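The values are calculated or read from the model by the stated rules, or taken from the named source; none is laboratory data. What you are looking at is a predicted structure, and each value in this text was computed from that prediction instead of being measured. Ideal geometry is used to build each Cβ from the backbone, glycine not excepted, and the neighbour counts take in all protein chains shown. Areas reflect the complete protein model, heavy atoms only, side chains present, ligands, DNA and RNA absent. Shrake-Rupley method; radii C 1.70, N 1.55, O 1.52, S 1.80 Å.
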Amino acid sequence: MPLPPPTLLITGGAGFIGSHVVRLFVTKYPGYRIVNLDALTYAGNLENLRDVEKAPNYFFEKINILEPDALQRIFEYYKPDGVIHLAAESHVDRSILSPLDFVYTNVIGTVNLLQAARHSWKDKMEGKRFYHISTDEVYGALGETGFFTETTRYDPHSPYSASKAASDHFVRAYHDTYGLPVVISNCSNNYGPNHFPEKLIPLFINNIITRKPLPVYGDGLYTRDWLFVKDHATAIDRVYHSGKNGETYNIGGFNEWKNIDLVKLLCKLVDEKRGNAPGTSEPLITFVKDRPGHDRRYAIDATKIHKELGWSPSVTFEEGLSLTIDWYLQNTEWLQHVTSGAYLRYYEEQYRDRG
Ligand code: NAD
Ligand code: TYD
């Protein structure tokens, strides 16, 4: 009898990074069954996957990872060989407004998924893989120098990073206690097409297009390390297929930018692409009250994934930003759809008291 096709469950596949991962796997591995499990919160958008939704190897299940019975049904029905877990609440500012949402989805939801995998794979763990997608924010903040490595001590400061740190600990505990075959990666800040316009880069592109103020927190000298989302997806492919059980891989592009320099670059590039006179958009920059608990600097040392798995980013920051801005300029309908009712209420609450 022929073997059944490998089945991969991807959670959060309708979100920003998840949709790029789903697209990569559906198109690159036509022999796999790809099941996208997503609750479709404000951040989940099936419009992100229009181009692959009719592929014969693609399946979608609208399920919340807070429902253990539903997860068990999915595992019984599809019998996945692997899980790539991206479903999460992902925005630091929202975690400051509603920390419990982050505890529920990121911690309890992850444990529900670990339980479902452990139960489903109890007779044979060999050949299975639970891949947890995490963030560099679990490591806390760096000073002027240094990098986060895979052995940097966890030191989260926001409810978001604390909830991701807790989920990472549970994943490792399931490996050490139950022998679940797990792998974890911690990536730096992503940017690219389909990024919800609450995070810095898509928010500021949208605000430049719509001529709204660009709210830079604090002194604007906070530093982030940016990676193009499609490069994160290729790294995830590499770790899923070649990473070692129980290991952690840091993912990043050695690409640090101070927020204010990045915002000025965005203004310049959008002005050039729209044929505006130089300097048209910079006056929109507005310094506002800082984010509480704001981490000063993130920077990933991605040596391990480069040396052990042979992964490197494929685009420069200039190329990636240019592609990203073009995407937002061409996809105004997508932007209009995601910046309606609930988005406007969030925006009002988030920026009301920042002055
Ligand atoms: P996102 O907010 O764009 O997408 C999250 C997805 O998860 C959405 O489709 C949403 O509907 C789904 N989801 C949320 N709660 C759910 C629940 N309870 N049940 C089922 N589905 C649910 O997030 P993203 O930016 O694509 O991030 C994906 C993952 O990558 C997260 O785990 C995040 O912590 C991690 N990560 C993100 C970045 C980044 O820069 N965005 C960097 C490193 C790591
Ligand atoms: P963000 O995109 O929220 O990612 P994270 O906080 O997870 O790194 O923010 C990136 C940086 O931009 C961070 O230093 C906070 C800053 N920022 C602003 O200055 N203004 C804003 O309106 C937002 C959303 C972020």
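Counting charges near residue 288 (Lys, Arg +1; Asp, Glu -1) among other residues having Cβ under 10 Å from its Cβ returns a value of +1.
Determine the share of the range 302-355's accessible area contributed by carbon and sulfur atoms, expressed in whole percent, with a 1.4 angstrom probe. Carbon and sulfur together cover 49 percent of it. Cross-linked pairs 122/164; 199/304; 54/268; 122/230: Cα-Cα separations exceed 30 Å for 54/268; 122/230. When all protein chains stay in place and ligands, DNA and RNA are ignored, the 1.4 Å accessible-area order of 170, 60, largest first, is 170, 60. Among beta bridges identified by DSSP and lying wholly in the chain, the antiparallel ones come to about 10 percent. In percent, rounded to a whole number, the relative contact order of the range 240-355 is 34, using alpha-carbon pairs under 8 Å and six or more apart.
Each of the peptides 218-227, 187-196 was scored by the mean count of other Cβ atoms within 10 Å over its residues; in descending order, highest first, they stand as 187-196, 218-227.
Restricting the GluC sites (Glu not before Pro) of the range 74-135 to loop positions (DSSP other than H, G, I, E, B) with no more than 15 neighbouring Cβ atoms within 10 Å leaves 126. Between the residues 147, 162, 340, the greatest Cα displacement towards the positive end of the dipole of the chain, with unit charges on the Cβ of Lys, Arg, Asp and Glu, is found for 340. FRET efficiency for the pair residue 289 and residue 177, taken as 1/(1 + (r/R0)^6) with r the Cβ-Cβ distance and R0 = 30 Å, rounds to 0.10.
A Cβ-based charge dipole, computed about the Cα centre of the range 99-237 with Lys and Arg at +1 and Asp and Glu at -1, lands at about 420 debye. For the chain, the 222 nm mean residue ellipticity estimated from helices alone, with every DSSP H stretch of n ≥ 4 adding -39500 (n - 2.57) and the total spread over all residues, rounds to -12500 deg cm²/dmol. DSSP finds beta bridges in the range 192-326, and of those with both partners inside it, around 40 percent are antiparallel.
Surface composition of the range 1-125: carbon and sulfur make up 58 percent of the accessible area, probe 1.4 Å.
Against the chain, whose longest principal axis comes from its Cα atoms, helix 110-120 is set at around 20 degrees. In the chain, taking the dipole from charged Cβ atoms about the Cα centre, the farthest positive-side position among 75, 197, 4 is held by 4.
Axis of helix 159-178 versus longest Cα principal axis of the chain: the two differ by about 20°, to the nearest ten degrees. Heavy atoms of the protein chains alone define the surface here; on that basis the chain has 43 Å² accessible area per residue at 1.4 Å probe size.
Since only 303, 259, 283 are under comparison, the one whose Cα sits farthest along the positive direction of the charge dipole of the range 235-303, derived from C-beta charges on Lys, Arg, Asp and Glu, is 283.
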